[in-house]
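Written below as structure tokens is the structure these notes are about.
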Amino acid sequence: MNKRRRLLMTGQKLPLAEWKRELRAEKAALRDSLSLDQRTSWSSLACSHASEWLRQEGASSFMAYVSFRSELDTRPLITAAWAQARKVVLPRVIQASGRMSLHAVASWEDLAPGAYGIQEPITGAIELPCPEGVPDVVFVPGLAFDSRGGRLGYGRGYYDRLRATWEAELTESARPPVWAGLAYGQQLVQEVPMDDHDAYMDMLITEDGIIHCRKERELWS
Ligand SMILES: Nc1nc2c(c(=O)[nH]1)N(C=O)[C@@H](CNc1ccc(C(=O)N[C@@H](CCC(=O)O)C(=O)O)cc1)CN2
Ligand SMILES: Nc1ncnc2c1ncn2[C@@H]1O[C@H](COP(=O)(O)OP(=O)(O)OP(=O)(O)O)[C@@H](O)[C@H]1O
């Protein structure tokens, strides 16, 4: 996305919500246009980078998502974690409250289709309490990301709310999780429109490797 895109013909700034809507539609269409082979190959590479990084960091737990639509497929990451005895946490969407409950999952059989048709922990799965259940790392889905760690999701604020809840409940001495956006390289954009409530990522992982982000840094030109 071009920087000048934010300006309308009149010289006025495009309202943030409209900018988000446009970018969402554009990036969803681009992602949908990738072939299954291309997505599988990039997903597998990105998951290898993520698994290797988890190993280096000695992370004992992470939260992931189960992919839907044309998202980067996290199945290789989750399968590798089970093989290495790393704890995998997955969310259940509670549509009425806009929140997610978190559950430890040890097998694909512990999942069933939930809200939006996304595979999620089955009803009755034991919910992880906050703050004890907060994982070391959170892998986050998204439609677009930028070099500051800016992220655009589907527009329901589930991950922003999760972060806000943890920030309110984690004690100062507790180590907050590392937030890592998982995406195809083609989802990286010059600038993601960010509202005050939007959570920034600490790093991004694509098929090309790992990018460390800082909220204050310069945007990609
Ligand atoms: N795999 C995966 N799991 C995830 C997310 C995600 O992005 N990917 N989420 C990330 O937050 C949450 C689900 N968020 C979602 C938010 C909106 C829509 C959706 O279908 N939106 C409509 C727009 C109209 C509407 O809002 O109803 C659409 O895109 O057509 C789907 C999922 C939790 N689990
Ligand atoms: N901490 C929060 N508490 C309450 N509402 C929030 C919070 N964060 C975001 N929201 C609300 O969620 C809605 C969607 O926000 P936004 O467009 O930033 O979603 P998104 O990050 O793209 O989506 P998602 O996280 O679902 O992928 C907005 O209406 C916003 O007001």
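Rule-based calculations on the coordinates, nothing more; no lab input. This one's a predicted model, so the numbers in the text were calculated from it and none came from an experiment. Cβ placement follows ideal geometry from the backbone for every residue including glycine, while neighbour counts extend to all protein chains displayed.
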Does at least one position in region 148-165 carry a residue that is under 20 Å from LEU30 (Cα atoms), more than 13 Å from ligand 2 (Cβ to nearest atom) and in contact with a Cys (Cβ under 8 Å, 6 or more places away or on another chain)?
no
Give ALA164, ALA168 a once-over and let me know the one that is surrounded by fewer than 19 Cβ atoms within 10 Å (Cβ to Cβ), hydrophobic (A, V, I, L, M, F, W, C), in contact (Cβ under 8 Å) with a residue 24 or more places away in the chain and outside any strand (DSSP E or B).
ALA164
Residues of region 171-191 being within 14 Å of ligand 1 (Cβ to nearest atom) and either in a strand (DSSP E or B) or without any contact (Cβ under 8 Å) to a residue 12 or more places away in the chain (or both), which ones?
TRP179, GLY181, LEU182
Select from region 166-221 the residues that are within 12 Å of ligand 2 (Cβ to nearest atom) and not hydrophobic (A, V, I, L, M, F, W, C) and list them in ascending order.
GLU167, GLY181, PRO193, ASP195, ASP196, HIS197, ASP198, TYR200
Residue count for region 107-121, restricted to those that are of a type in the set (Asp, Glu) and over 18 Å from the mean Cα position of the chain (by Cα):
2
I'd like to know if region 141-164 contains one or more residues that are more than 19 Å from HIS197 (Cβ to Cβ) and within 13 Å of ligand 1 (Cβ to nearest atom).
no
Evaluate region 55-78: report whether one residue or more is loosely packed, with under 15 Cβ neighbours inside 10 Å, within 14 Å of ligand 2 (Cβ to nearest atom) and either under 15 Å from the mean Cα position of the chain (by Cα) or more than 23 Å from GLU120 (Cβ to Cβ) (or both).
yes
